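Remarks on the structure that follows.
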Amino acid sequence: MSLVVIGTVAFDAIETPFGKTDKIVGGAATYASIAASYFYSKTKIVAVVGDDFPQKDIEHFHHRGIATDGLQIKQGEKSFFWSGKYHNDLNSRDTLVTELNVLADFDPIIPDTYQDCQYLMLGNLTPKIQQTVIERMHNRPKLIVMDTMNFWMDIAMDDLKVTLGMVDVLTINDEEARQLSSEYSLVKAARKILAMGPKYLIIKKGEHGALLFHGNNVFSAPALPLEEVFDPTGAGDTFAGGFIGYLAKTDDISYENMKRAIIYGSAMASFCVEKFGSERINDLTAEELDGRLQEFVNLAKFEI
């Protein structure tokens, strides 16, 4: 049994009100797989990079126990690159540069060693590629979690709706939920989105926490008030990785356990935003993670 994460492994250049970086390693699969590796030791990655991607960063995946048999390295080509600048509130940003490079014709290869996949995390890629990955699995995984974004709603809505019918959990932010459903009320939005196929819907609300919808059930998870938020890049992917990593560890996909998994994902995301890129989540200690989880417990614990 394994957890397979598909998405981008890439370079980012980030500017926030607190500073800026040159090229650093980013990408949805990077954040999600690192976060998942804290809970589940059989995490495997599917992605593509150019020959400009540093070997030391591939070695860091190995250091975290992440298998890279599915990481394609294209000789003579460049890795995907994104550059963005965040506004003062950190909730909005401007994309400065997007260079698809190797991602332009990415054809995901699923190695035989990945065919024991029971948990599949589909990071933010084209809906067609997400479909391809599901179809190339010899057996349907026990749980498929999918992330997407408003860009695909703009240009590939038909493909997106097909993919939604193939997955178990969709994770998106509140703006994306409203666009996908054409409803402002998140409760109404959730009802419409669940009718599109997923059994569970997670709506991320940034500094306001997250909502889990399943049937008529709703769970509201808090966000941890942080003294400093340095860089929100990758926080959503880190959340998703922590979420599915915990589910794979416990091998329990009940609604009750998903509520716990959201707290684990939220804890990982709260670390991610404290430094640029994946720097903060690269080498967390067990004590740090346990302490942060306890902070979440204390935040929402009360009796009536």
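Just so you know, all these numbers are worked out from the coordinates, no wet-lab data involved. In this text, all values refer to a predicted model and were calculated from it rather than measured experimentally. Note that we place each Cβ from the backbone using ideal geometry, even for glycine, and neighbour counts take in every protein chain shown.
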Per-residue ellipticity at 222 nm attributable to helices in the chain (runs of n ≥ 4 DSSP H, -39500 (n - 2.57) apiece, nearest 500 deg cm²/dmol) works out to -10500 deg cm²/dmol
What Kirkwood hydrodynamic radius do you get for the chain when you take the inverse of the mean 1/r over all pairs of distinct Cα atoms, in Å? 19.2
Rounded to the nearest 5, the percent of DSSP beta bridges in the range 2-300 running antiparallel is 40
Can you sort M268, M137 so the residue with the fewest Cβ neighbours within 10 Å comes first? M137, M268
Just to be sure I understand the rule: take each whole DSSP H helix in the chain, project its Cα atoms onto its long axis, keep it if the span is 15 Å or more and its mean Kyte-Doolittle hydropathy is at least -0.5. Which ones pass? 235-250, 255-272, 286-300
Once normalised by the length of the chain, the mean sequence separation of its alpha carbon contacts under 8 Å that are 6 or more apart gives a contact order in percent of 17
Could you give the distance between the Cα centres of the range 7-62 and the range 120-139, to the whole Å? 19
Order by neighbour count: C272, C117, fewest other Cβ atoms within 10 Å first, most last. C117, C272
Would you mind ranking D51, D12 so that the residue whose beta carbon has the fewest other beta carbons within 10 Å leads the list? D51, D12
So which GluC sites (Glu not before Pro) in the range 186-243 are both in a DSSP loop and have at most 11 other Cβ atoms within 10 Å of their Cβ? E227, E228
Quick shape check on the range 1-94: root eigenvalues a ≥ b ≥ c of the Cα gyration tensor, a/c under 1.5 is rounded, otherwise prolate if a/b tops b/c, else oblate, and it reads oblate
Percent of Cα-Cα pairs per 5 Å bin, from 0 to the last occupied bin, for the range 56-160, please list those. 2, 9, 14, 19, 20, 18, 11, 5, 1, 0
Each label point is 7 Å from the Cα along the Cα-to-Cβ direction; what then is the distance between the points at K142 and K275, in nm? 3.3
